[in-house]
Amino acid sequence: MKKIILLLITLELLLISCTSTIQEDVFQTTDLNEELATELSFFDDRYILIESDYLLTGTYSTEDLSYLHEDIKRQLEEKHIEPIIAAHLTAIDGLLYVLQGKTKNADDCYKNAKSLQNGDDYVLLLGTKLASPEDALNKVEEILSYDANNAIILLEKGILLYKKKEFDKSVAAIDQAFIQFDNQYRSNYRVAYKDFRDKVWTLYISGIDNENLDKFKLNQDITSPLTLNTMVQLTYENSNLLEDLTTGPKLKTSDLIVKLTQAGIFDSTVNSQNSSQELIYSQQITRKMCARYLWNLYALNSGNPSMATRFSSRFSKMQEPKSPVFDLVVDDKDFDAVLGVVENEIMHLVDGRNFESDKVVTVLDFMTYLKNFN
């Protein structure tokens, strides 16, 4: 009996000792994680700014990317570097190679990082980015099945859904990731990816379907102000509106602008003196300028040039003509254009009453107008 009691006491002491050791390990790990988070955030912040910029505009700073590559290499050459730090930094290096399209380098980084710490969030992220488009979302869902609050992977889910043009689901996943980042005191991710999230939301509410979106580059900065070059290029590449003017070999945008100028596409339908120059030399395209351009193309493609002045001709016969658009007078040089695009539902009155002629058009706005021609 004494032997049994002694054995039980011994086991109890061992259990207390083990529990104490486990608790110490947890505390040490927590302290280590906090130190690691501080040390690695310098690299994380730089990577997410590069990636978010790429998602928003389709470009990134090659200089910033090169400097980050160099700083990671320098850090990895330090003596006695912790394996978890080495894994994380190697994964970021691989993610940069993914952006550059250097899959072989990225894959080498992944294998190296995985051998050091396969559970690191950025190692997992690199693994999903190296997967085929068909497998990537499955990998993400698998990770989230056992780590539902993994903010990095939730954000990647949103990015993958965006690429699949499932914008409603993409925004939901990004918002969920933002909540988790905020809970982890990592609001820098929300700041970095906010504009991208807003871009996805804008695409969702635009009403442009997948068939029309396939014509455009998703990575284009669609929220930026529309320029003359972009307006002409998008029209040329994504519609048939310029066919009558552009037979033959593919034309450069500058050559297109010359042809369109000669054809009067940038001119107002009445009092057209210097109106084309106003549009050509403008840094940003306003709604009135856009209406003028689109209405002239509409009239050209209708095969009835007189259509261009149909509204001013009609209203000029009235004794006291009153414009149906509150903020547009009848003798405005773009009166025909504004009424034409509104009547044909190419563009719309902003609030049902006003056109807001001087408001700047965005790339996404113009994509919507082109869609409305179909």
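Just a few scattered comments:
- Computed from the Cα positions only, the extents of region 43-160 along the three principal axes stand at 37, 34, 25 Å, in decreasing order.
- Rel. contact order, % - alpha carbon contacts under 8 angstrom, at least six apart, region 314-374: 29 percent
- Heavy-atom accessible surface of residue 59, to the nearest 10 Å², is about 80 Å², with a 1.4 Å probe and all protein chains retained.
- Net length gained if the chain between residue 259 and residue 172 were fully extended (0.36 nm per residue, minus Cα distance): 26.8 nm
- Residue-span extension gain [residue 108 to residue 245] - 0.36 nm each, minus C-alpha spacing: 44.2 nm
- Other-chain or far-sequence residues with amide H under 5 Å of residue 362's (modelled H): 226
- Label-point separation, residue 191 to residue 118 (7 Å along Cα→Cβ), nm: 3.6 nm
- Local electrostatic count at residue 63 - Lys and Arg +1, Asp and Glu -1, tallied over other residues with Cβ under 14 Å: -3
- Residue ranges 112-121, 98-107 sort as 112-121, 98-107 when ordered by packing (mean number of other C-beta atoms within 10 Å per residue, highest first).
- Peptides 249-262, 278-291 ordered by average Cβ neighbours within 10 Å, highest first: 278-291, 249-262
- List 74, 46, 314, ordered by accessible area with a 1.4 Å probe, largest first: 74, 314, 46
- Taking all protein chains together, 236, 162 sort by accessible area into 236, 162, largest first [probe 1.4 Å].
- Efficiency of FRET between residue 277 and residue 179 - r from beta-carbon atoms, R0 45 angstrom, step 0.05: 0.30
- Flagged links, alpha-carbon separation over 18 Å, of 114/139; 252/371; 139/164; 79/104; 73/111; 157/194: 252/371; 79/104
- Close amide H contacts of residue 266 (hydrogens built in the peptide plane, cut-off under 5 Å, sequence separation of 5 or more or a different chain): none are found.
- For the pair residue 320 and residue 79, label points projected 7 Å from Cα toward Cβ lie 9.5 nm apart.
- Ordered from highest to lowest accessible area with the whole protein assembly present and a 1.4 Å probe, 201, 295 read as 201, 295.
- Computed from the C-beta positions of residue 201 and residue 42 and an R0 of 30 Å, the FRET efficiency is 0.50 to the nearest 0.05.
The values are calculated or read from the model by the stated rules, or taken from the named source; none is laboratory data. Bear in mind the structure is a predicted one, so any value in this text is a computation, not a measurement. Methodologically, a virtual Cβ is constructed for each residue, glycine included, from the backbone with ideal geometry; neighbour enumeration extends over all protein chains shown. SASA here: full protein model, heavy atoms, side chains in, ligands and nucleic acids out. Shrake-Rupley method; radii C 1.70, N 1.55, O 1.52, S 1.80 Å.
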